[in-house]
Every structure is written in C-alpha cells, then in structure tokens.
1. I221's amide H: which non-local residues (gap 5+, or another chain) put their own amide H closer than 5 Å, with H modeled 1.01 Å from N in plane and none for Pro or chain starts?
2. Counting other Cβ atoms within 10 Å of each Cβ, which GluC sites (Glu not before Pro) in the stretch 215-321 have at most 13 and sit in a DSSP loop?
3. At 7 Å along Cα-to-Cβ for each site, give me the label-to-label distance between L289 and D105 in nm.
4. Suppose R0 equals 35 Å. What FRET efficiency, 1/(1 + (r/R0)^6) with r the Cβ-Cβ distance, do D272 and D64 give to the nearest 0.05?
5. Using 5 Å bins from zero, what percent of all Cα-Cα pairs in the stretch 1-139 falls into each bin?
6. Name every cysteine in the chain that ends up alone, with no second cysteine's Cβ under 4.7 Å, or say none.
7. Could the peptides 80-91, 65-76 be put in order, highest first, of the mean number of other beta-carbon atoms found within 10 Å of their residues?
8. Could you check the spin-label model distance between L79 and D212? Points 7 Å from the Cα along Cα→Cβ, value in nm.
Amino acid sequence: MDTPWSAHMQIGLVHFMMFPEAMAGNEGVLESFEKIAADPFFEVAEVTRINDPRVRRQVRDLADMAHMDLGFGAQPGVLMNRLNTAALDDDSRRAAVADIKRSIDQAYEHGCRLLAMIDGLESWPGEAEKPRAIDQVTRSLIEICEYAERQAKDYRLTISLETFDRAIEKKSLLGPTNDAVEVAKRVRERCQNFGLTIDLSHLPLLAETSRDALTLAKDHIIHAHVGNCQMRDPSQPSYGDKHPRFGAPGTENDSDQLAEFLQVLFEIGFFDKELPTRRPVVTFEVRPLAGERQDVLMANCRRVMEEAWGKVVRPQTIIGG
C-alpha cells in the first residue's frame, strides 16, 4: 500500500488480552495501561470494566494525555460469569443483559464510541433449539441497544457483536457469520446503533475464510479484530481461542493472512464507511504465553502489520458497490 495505514484506520490493542491480569478489573490495570499509552503504534485501547472509580479516571486521563481513543470490551464479564444472552431460560438471559448494561455504563464513563460483546459462553444449544436461541439473542441485543440509546447524552454508544467459534472453545450461537448477519438484520430493523465485529483469529476456528466471512458481513461490519489461533494440537497451551502471537509455530495466522484480511476489508469498502469511531478500527488481540514479554509481543504486532501492509493493494472497485 502506498499510503500509511493511519490514512485509512486506527490501530488498536485489546488491553485486557495483552495484560490478562487486568481482565478482572482490579490489580495492575493502570500500570499495564501505561505501557500501551506509551507506544505510538496503538491509537486505540480496548478496556473492560475497572472496579475502582479512581483508576477509571486515571485511565481516561492517561488516554487523553496519549491522544488515544478508548473502546470497550464487554466479553470478560460475560465469559467469567458464564452468562448467555441467548439463554432459553429468561432469567438467565436477563442476567446476561444486566451484565452488559453495567459495561455500557462504564463505556460511557470512558467516552467510548463502540462496545464489543459476545453473545455468551456455550450459547450454542444445538440445531433443534437454534430458532428459539436466535429469537432470544435478538431480543437481548435489542434491549442492550435500546439501553445504550437511553443512556446517551452528547453521543450514542454503538454495540458490536463479535462472532466466536461454535465447536472448539467458546461454543457460541454466533458463531458462523451467516447466522450473525441474519441476527444483525433483525436487530437493525429496530436499532441503528448495532453492527458486527469480525475477528481474524476466529475465522479458522469457524472454518471460514476472510473473503467469505467479510463479504457476507460487509453491510454490517463496524469493527475488526486481528489475531491468531492454534487448532491443530489440543495438547498445546495455546489451543483454541487463546490468541497466540502472529507466526507462532503450529498456528494459523501470520502476515500473509493479515494481508488477505486487510485486502478484503478494502474490497468491501470497510475503510470508506462512516462509522461511530473517528476512523475504522482494526484491533490487535494477542495474549502472552508463559515466558513471553508484552513489550516484545507489541513489537511483533507492528512488524507483522508493516509486512502485511506492504502486500495490500487498494482495489479499484468495491465488492457489491
């Protein structure tokens, strides 16, 4: 590509994945966030709930000082509490919705324009119950988007559903891109502050290609995650949805796969969309394995991005345009 990526996108990093100790929102949040804020490669940091109001203010002030934007990830609350917005039992469904509403409140406190979420842990009920689960998750997403609308003051938070694997680890209803797109269509009949997050790391786990998934999702994708996965050897600590570094032995994604993903994002017009964020956001999601250093992994992200960017060619036409 003959233009800098900053002309087309903001590069982000999932704070609570690179620093998993921050996932619970207690110890080490500010200290680890400082390391991201000091790295000029990242223009966006995706945070999750932080329990201490004083630390939340410090994180927000530090992001302002660094000229960074904040995004919000509601996934940890759902996963750690084993919640499910597609639950067939309505009390369980409401508990999941209530948890995400708490994340919405903090997202507004941080000034986030986008909140990414998962439908639930082990939310796939099997084919027989799939229609009911689809109805339940649609109902939940509408309630979540309407809550975000009611809480809005000077701007409206947008909710983005991230698709996850259905059979390996998260075992989520959404799940395959075609099902996520059908749900997105239903939700957007009522709520315009909704879209999809497509994650490069999850596509091999879903047996989907970047071209197939992104083309299906082109009218609904509002956010992208990029990362890696290991699905060849269940005995490995990185097996499943663990987000090992790009290019780790036995894994699925390196600079070539990132280049293809970015290429298709260009071809579907993602980088020309008007989105809730200042520019379209492409967020790295990497988790350290034992003995790995975060500063080195963040350097890995930049090197992989630079290599991939050199392989991307801006298309003359847009798919479906």
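The numbers here are math on the coordinates, done by the rules we state, and not lab data. Computed from a predicted model, the values in this text were never measured in an experiment. Neighbour counts run over all protein chains shown; Cβ positions are idealised from the backbone, glycine included.
1. Amide H neighbours of I221: L196.
2. Details: sites: E252, E260, E267, E274, E285, E292, E306, E307; in loops: E252, E274, E285, E292.
Taking the stretch 215-321 and a limit of 13 other Cβ atoms within 10 Å, the loop GluC sites (Glu not before Pro) found are E274.
3. That separation, rounded to one decimal, is 4.0 nm.
4. Values: r = 28 Å, r/R0 = 0.81.
E(calc), rounded to 0.05, equals 0.80.
5. 2, 10, 18, 19, 15, 11, 10, 8, 5, 1, 0
6. C112, C229, C301
7. Details: 80-91: 17.3, 65-76: 21.0.
In decreasing order of mean packing, 80-91, 65-76 become 65-76, 80-91.
8. Distance between label points: 2.4 nm.
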